[in-house]
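Notes follow once the structure below has been shown.
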Amino acid sequence: MALFNRTKTGKGQIVDVSMTEGAAYVASWLWRSQNLQLCWPTKIRGRNLLDTGAPFYNTYETQDGKYMAVGAIEPQFYALLLKGLGLTEENMPGPQIDIRKWPEMQKLFSDVFAKKTQAEWIELFGDSDACVSPILTLEGAATDVHNEARGSFMRNENGSYEPRPAPLLSETPGITEVKSDPNIGEHTEEVLQEFGYSKDEIDHLIKNDIVEKL
């Protein structure tokens, strides 16, 4: 907005930036939804719609000790979730929005998810709109089929994965530095020389463990 205003008026302005205020603004919806009965029916942590209270908005451990994330809030997605889990409305402890039955439903979902590996659940829900997805490790995220197809990650000179710059610009794309971060002491002499230290002074600092040299 500041750049847009400058373009129109030719007048600059002070941009007062606060990380704390920025984080609060990103959470605007949480502040404004505090009194929504559907989202926050209780004031008890872990008993509400979006704080792991709802069985259809939570994470579940799989047979191989990994996890799946579930976010099937809307009825059509919830129906697909039940279908993927091999369940029906009839054999559920209660209706989807019956908060009194949520603990029983959590237990049921936990038991079902624990019967298959993460890979099996990924295959089962892969083409479904049930809002079920795997919780991946950093390397798992980098090698995910979608991210690989997009080229979302790249390897640095040490072979570790790093995110590619985003968003993508067609005319002026960002360039990722593939060199790894320097080790402590790797450039000690070069840096001290840039600050005007002589070789004897640098040797003295290194010898007396005042600075580190790799």
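Odds and ends about this structure:
- Positive-end extreme of charge dipole, the chain - chosen from Leu50, Asn5, Cys39 (charges on Cβ): Cys39
- Based on Cα atoms of the range 98-165, Rg over Rh with Rh as the Kirkwood radius reads 1.14.
- In this structure Trp40 has an accessible area near 50 Å², from a 1.4 Å probe over the protein heavy atoms.
- Net dipole in debye of the chain [+1 Lys, Arg Cβ; -1 Asp, Glu Cβ; about Cα centre; nearest 20]: 1240 debye
- Those aspartates and glutamates that a straight Cα-Cα span of less than 12 Å connects to Lys115, excepting residues fewer than 8 apart in one chain: Glu61, Asp64
- With Cα atoms as the point set, the radius of gyration and Dmax of the range 170-214 evaluate to 16.1, 53 Å.
- Kirkwood Rh, angstrom, the chain [1 / mean 1/r, Cα pairs]: 22.9 Å
- A 1.4 Å probe run over the protein chains yields, for the range 1-141, 70 Å² of accessible area per residue, whole-number rounding.
- Carbon plus sulfur fraction of accessible area for the range 64-214, probe 1.4 Å, in percent: 54 percent
- Most mobile of Pro55, Pro173, Pro103 in a GNM of the chain (Cα contacts under 10 Å): Pro173
- Residues in the range 2-18 that a label on Leu169 would reach, taking backbone N under 11 Å of a point 7 Å out along Cα→Cβ: none
- Using the alpha carbons alone, the radius of gyration of the range 44-170 stands to its Kirkwood radius in an Rg to Rh ratio of 1.06.
- The listed residues Thr117, Thr172, once ranked by accessible area (1.4 Å probe) with the largest placed first, stand as Thr172, Thr117.
- The figure for Leu3 is an accessible area of roughly 120 square angstrom, using a 1.4 Å probe on the protein chains alone.
- Karplus (6.51, -1.76, 1.60) ³J(HN,Hα), θ = phi - 60°, over the range 97-114, in Hz, Gly and Pro reported as x: 9, 7, 4, 5, 9, 4, x, 5, 5, 4, 4, 5, 4, 4, 4, 5, 4, 6
- Neighbour-limited loop hits for trypsin sites (Lys or Arg not before Pro), the range 20-92 (at most 12 other Cβ within 10 Å; DSSP other than H, G, I, E, B): Lys43, Arg45
- Over the C-alpha trace of the range 1-118, radius of gyration and Dmax come out as 21.0, 67 angstrom.
- Leu36/Ser180 FRET efficiency (R0 45 Å; Cβ-Cβ; nearest 0.05): 0.45
- Relative counts (whole %) of C-alpha pair distances in the range 134-214, using bins that are 10 Å wide: 16, 29, 19, 19, 15, 2
- Structure-based [θ]222 nm, the chain - -39500 (n - 2.57) summed over DSSP H runs of at least 4, per residue, nearest 500: -10000 deg cm²/dmol
- Accessible area per residue was computed with a 1.4 Å probe on protein heavy atoms; Ile97 scores about 130 Å².
The values are calculated or read from the model by the stated rules, or taken from the named source; none is laboratory data. It should be emphasised that the depicted structure is a prediction, and the values quoted were computed from it without experimental measurement. In this analysis, Cβ positions are derived from the backbone assuming ideal geometry, glycine residues included, and neighbour counts consider all displayed protein chains. Keep in mind that these areas ignore ligands, DNA and RNA; they rest on the heavy atoms of the full protein, side chains included. Shrake-Rupley method; radii C 1.70, N 1.55, O 1.52, S 1.80 Å.
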